[in-house]
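This report concerns only the one structure given below.
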Amino acid sequence: MTSRAFIAGCLGTSLSADERAFFRDARPWGFILFRRNTQTPEQVAALTAEMREAVGWHAPILIDQEGGRVQRMAPPNWPKYPSARAFLGINDPLRRRELVRLSARLMAHDLRQVGIDVDCLPVLDVPAAGSHDVIGDRAYAHDPDEVTRLGRAAAEGLIAGGVLPVVKHMPGHGRARADSHHDLPVVDATLEELRAQDFRPFRHLADMPLAMTAHVVFTALDPKHPATVSRRIVRDIMRGEIGFDGLIMTDDISMKALSGSFEAKARAAIRAGVDVVLHCHGIMDEMVAIAGAVPEMTGARARRAATALGRIRHEPEPVDLDAARAEIAAVLASGT
């Protein structure tokens, strides 16, 4: 049976009978896990297997495992990883890039061990002066070229470990002066400013398999609609100017930046040209509304999804885990 164009979460550390029945009937294309879903490696592995059993195929399972303050699989059962910004303390730019890649390769190992094969990383947003700290140290740098270099290094490390990266938040969340989890950010930068800074890392990583949108209004592009639900931004900027031909998913459609019912938000994102709607909270009524609003995974979105999943390496690149973890800790401590 064909999947439907949404990604769903669940409420706990295993599926309830209602969740299993819903996922079997609604057929989400993928799933996403949060801290509430992760207790131990054994439990997460059982949950990911249970999710895939519910839909009857090896559906992609996502997580936000960035390091720093956004790390859903955390100590004591998983290692603590540095934030993106922490790597700027390494003076040698080539060494910096190597360690970003190695850190992502280690995260991929942790994720793959428990059945997770998509990481919502790298953050390609370029913070601007006065922007909200929702991005903050999740960004690699304030320089778009350094964000590009380190973002690609992280993506390469994930792919080498058999995990797909998701570039986010396209076309850029770095100028936002509000947190889109709670409010709708409005960015008044000119198109020329956006091209020079915000779009730049996404343009250079347009070959990546998956991307996530920003719930941000860009007045120079579409003064009425956030990027997630803007036909002009999705089709003319993301697909056109940036040149991204991979699968585009929304940021969490539960975030307060978007207004309207869940059905209306899902329909608006699909109309704008987004491929897949992401819903993270695991609230049943909301998931039911979204499932009824999105199409099946057919046509161009099915092609993009298949191409993305085809990028996963089924035999990960070898890595000496203990040596790599010790190397990252030592270099970050010394700054060399």
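Structure summary
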read-out	value
Selection within the range 14-39 - of a type in the set (Phe, Trp, Tyr) and surrounded by fewer than 19 Cβ atoms within 10 Å (Cβ to Cβ)	Phe34
Which listed residue is in contact with a helix residue (DSSP H, G or I) (Cβ under 8 Å, 6 or more places away or on another chain), of a type in the set (D, E, K, R) and buried (at least 22 other Cβ atoms within 10 Å of the Cβ), from Asp245, Asp275	Asp275
Residue within the range 86-98 that is surrounded by 21 or more Cβ atoms within 10 Å (Cβ to Cβ), within 18 Å of the chain's Cα centre (by Cα) and modelled with pLDDT of 95 or more present	no
Pair list, Cβ < 6 Å and 6+ apart or interchain, from the range 222-240 residues that are exposed (fewer than 15 other Cβ atoms within 10 Å of the Cβ) to residues that are part of a loop (DSSP other than H, G, I, E, B)	Arg235/Gly273
Cβ pairs under 6 Å, 6+ apart, first in the range 165-184 and of a type in the set (Val, Ile, Thr), second assigned to a loop (DSSP other than H, G, I, E, B)	Val166/Cys120; Val167/Leu124; Val167/Leu205; Val167/Met208
Residue count for the range 186-209, restricted to those that are outside any helix (DSSP H, G or I), surrounded by fewer than 22 Cβ atoms within 10 Å (Cβ to Cβ) and not hydrophobic (A, V, I, L, M, F, W, C)	3
The range 1-30 residues that are over 18 Å from Asp252 (Cβ atoms), paired with ones that are among the aromatic types (Phe, Trp, Tyr) (beta carbon under 7 Å, 6 or more apart)	Ser3/Trp29
Restricting the range 118-136 to residues that are surrounded by fewer than 24 Cβ atoms within 10 Å (Cβ to Cβ) and under 16 Å from the mean Cα position of the chain (by Cα), the residue that is modelled with the highest pLDDT	Ile135
Residue list for the range 185-207, filter: within 19 Å of the chain's Cα centre (by Cα), among the hydrophobic types (A, V, I, L, M, F, W, C) and more than 19 Å from His142 (Cβ to Cβ)	Ala206
Qualifying residue in the range 286-294 (condition: touching a residue at least 12 places away in the same chain (Cβ under 8 Å), under 21 Å from the mean Cα position of the chain (by Cα), part of a helix (DSSP H, G or I) and more than 23 Å from Asp64 (Cα to Cα))	no
Scope the range 167-179; condition part of a loop (DSSP other than H, G, I, E, B) and surrounded by 24 or more Cβ atoms within 10 Å (Cβ to Cβ); matching residues	Pro171, Gly172, His173, Gly174, Arg175, Ala176
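Rundown of residues vs (1) within 18 Å of Ile159 (Cβ to Cβ); (2) in contact (Cβ under 8 Å) with a residue 24 or more places away in the chain; (3) not charged (D, E, K, R), yes/no style:
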| residue | (1), (2), (3) |
| --- | --- |
| Ala45 | no, yes, yes |
| Met51 | no, yes, yes |
| Gly56 | no, yes, yes |
| Ile61 | yes, yes, yes |
| Gly67 | yes, yes, yes |
| Asp92 | no, yes, no |
| Ser103 | yes, yes, yes |
| Gly115 | yes, yes, yes |
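The values are calculated or read from the model by the stated rules, or taken from the named source; none is laboratory data. Being a predicted model, the structure only gives us computed values, none of them experimental. Neighbour counts run over all protein chains shown; Cβ positions are idealised from the backbone, glycine included.
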